[in-house]
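For reference, the structure is listed below as structure tokens.
The values are calculated or read from the model by the stated rules, or taken from the named source; none is laboratory data. In this text the structure is predicted, and so the values were computed from the model without any measurement. Methodologically, a virtual Cβ is constructed for each residue, glycine included, from the backbone with ideal geometry; neighbour enumeration extends over all protein chains shown.
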Amino acid sequence: MGGRRTTGDPIIDIKRANGLPGFLGTLRRTFFDIFHAMTTTTIDGSSRPQDWRERIATTPAWGGVLLCHPAHFDVLDVKNSFMKGQIGSVDKERALHQWHQLTETYRSLGVEVHVLDPIADLEDMVFCANPVCILPRADGGADVIPSHMNHPSRQREVEHVLGWFDGWGCDVTHLPEGAGRIEGHGDVLVVPGRRLALGGHGGRTELRALDALAAACDITLIPLALQGDVFYHLDTCLAVLDENTVLIHPPAFHEHALGTLSELFPRILIAEPTEASDHLAVNAHALADGTVVMGAQSPRTAARLREAGFHPATVDVSEFHKSGGSVFCMRLDVPALTR
Ligand code: ARG
């Protein structure tokens, strides 16, 4: 796809917007973040910095998406602010219909859909992007890393998702005991085509757990500090659209994290703020051809993506917004390893 840049693009120049003193502070902290990532990310246990600007030699082939059937989906407690006032409000039939629409959307885009069987009592399991993260390796393979979930009610999801990837033929890399809390692709977002991933912390995932992940995997991980308690996962306020472009909701980030993003990405698109905060507009899934699968309640954000040369494919997943999730966290990209 093109990534056409027009003068009307909602692209921010964070450095200019911050003014000079802010800019200097941002630069200093940006340097700290990138330096931190480059010196703690190792392939072989040494502190050898990697060049995250290098393109990766082999991108693991993509084997479609994994989605978990929503048979047991519900809102039973309040784990994030989107869930406030929603206990018992899920329309189960509607949720099932919306989930089928999501699977149909992927199929109509030519994406293979794999289905993970749901488990009774695991009402959040439909958000299958959280219990593991899958990181590309330089050899073309992928590491599957189990999460250390915060909430006891979500901890048992991990073994089920891992079981699926084990069956698929993936190798599992465990983080050390006591590595800290980390919630998979809720907070760890891979940048396609680069040896680079972004790691949100300050919400559900701890910075020390990102360090442990960086030490265990073959990828440079840049930490990004989140602020406030609404945007609790990085995927609620940032979507990686392609190698050079992210979609963000700026108020969710510490100033220095915005500085880091402006160093890393030539193009930063801004989601329409109320769509980001009321309808999880940013929790969108970009495909390699420029299609962006996203919730249907965010037409203004979709229009911004379209203006920037992307192709939004919208689907109504509003029942799942009641639990604080949308398209991105309802699926996992499956590496095409062994069949
Ligand atoms: N109710 C779930 C939780 O609070 C929603 C998770 C959605 N995941 C996400 N990455 N946004 O854990």
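Key figures
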item: Of residues in the stretch 287-312 being of a type in the set (A, V, I, L, M, F, W, C) and free of Cβ contacts under 8 Å to residues at least 60 places away in the same chain, the one surrounded by the fewest Cβ atoms within 10 Å (Cβ to Cβ); result: 303
item: Positions within the stretch 297-339 being out of contact with any His (no Cβ under 7 Å at 6 or more places or on another chain), under 17 Å from residue 235 (Cα atoms) and among the small types (Gly, Ala, Ser), in sequence order; result: 302, 318, 323, 324, 325, 326
item: Every residue from the stretch 158-188 that is more than 10 Å from the ligand (Cβ to nearest atom) and either of a type in the set (A, V, I, L, M) or under 17 Å from the mean Cα position of the chain (by Cα) (or both); result: 158, 161, 162, 172, 175, 179, 181, 182, 188
item: Pair list, Cβ under 7 Å, 6 or more apart: the stretch 145-156 residue closer than 25 Å to residue 219 by Cβ, other residue basic (Lys, Arg); result: 148/181; 150/181; 150/204
item: Pair list, Cβ under 7 Å, 6 or more apart: the stretch 63-84 residue assigned to a strand (DSSP E or B) and modelled with pLDDT of 95 or more, other residue of a type in the set (A, V, I, L, M) and within 9 Å of the ligand (Cβ to nearest atom); result: 67/330; 68/126
item: Some residue of the stretch 246-263 being within 15 Å of the ligand (Cβ to nearest atom) and surrounded by fewer than 24 Cβ atoms within 10 Å (Cβ to Cβ); result: yes
item: Pair list, Cβ < 6 Å and 6+ apart or interchain, from the stretch 313-339 residues that are within 11 Å of the ligand (Cβ to nearest atom) and polar (S, T, N, Q) to residues that are modelled with pLDDT of 95 or more and in a loop (DSSP other than H, G, I, E, B); result: 323/75; 326/280; 326/283; 326/317
item: Pick from the stretch 224-245, criterion hydroxyl-bearing (Ser, Thr, Tyr) and under 24 Å from residue 128 (Cβ atoms), ranking: farthest from the ligand (Cβ to nearest atom); result: 232
item: Residues satisfying the stated conditions in the stretch 204-223, i.e. of a type in the set (Lys, Arg) and within 16 Å of the ligand (Cβ to nearest atom); result: 204
item: Output for the stretch 198-242, where each listed residue is closer than 18 Å to residue 256 by Cβ, among the small types (Gly, Ala, Ser) and under 16 Å from the mean Cα position of the chain (by Cα); result: 199, 200, 202, 203, 225
item: Evaluation of residue 95 against (1) in contact with a helix residue (DSSP H, G or I) (Cβ under 6 Å, 6 or more places away or on another chain); (2) part of a loop (DSSP other than H, G, I, E, B) (one fails), failing number; result: (2)
item: Residue list for the stretch 62-85, filter: surrounded by fewer than 17 Cβ atoms within 10 Å (Cβ to Cβ) and within 11 Å of the ligand (Cβ to nearest atom); result: 76, 77, 78, 81
item: Every residue from the stretch 103-123 that is more than 11 Å from residue 69 (Cα to Cα) and within 16 Å of the ligand (Cβ to nearest atom); result: 121, 122
item: Given (1) in a helix (DSSP H, G or I); (2) more than 30 Å from residue 76 (Cα to Cα), number of the condition residue 274 does not satisfy; result: (2)
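To keep it simple, each residue is scored yes or no on (1) surrounded by 23 or more Cβ atoms within 10 Å (Cβ to Cβ); (2) within 16 Å of the ligand (Cβ to nearest atom).
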position: 132; (1), (2): yes, yes
position: 138; (1), (2): no, no
position: 151; (1), (2): no, yes
position: 156; (1), (2): no, yes
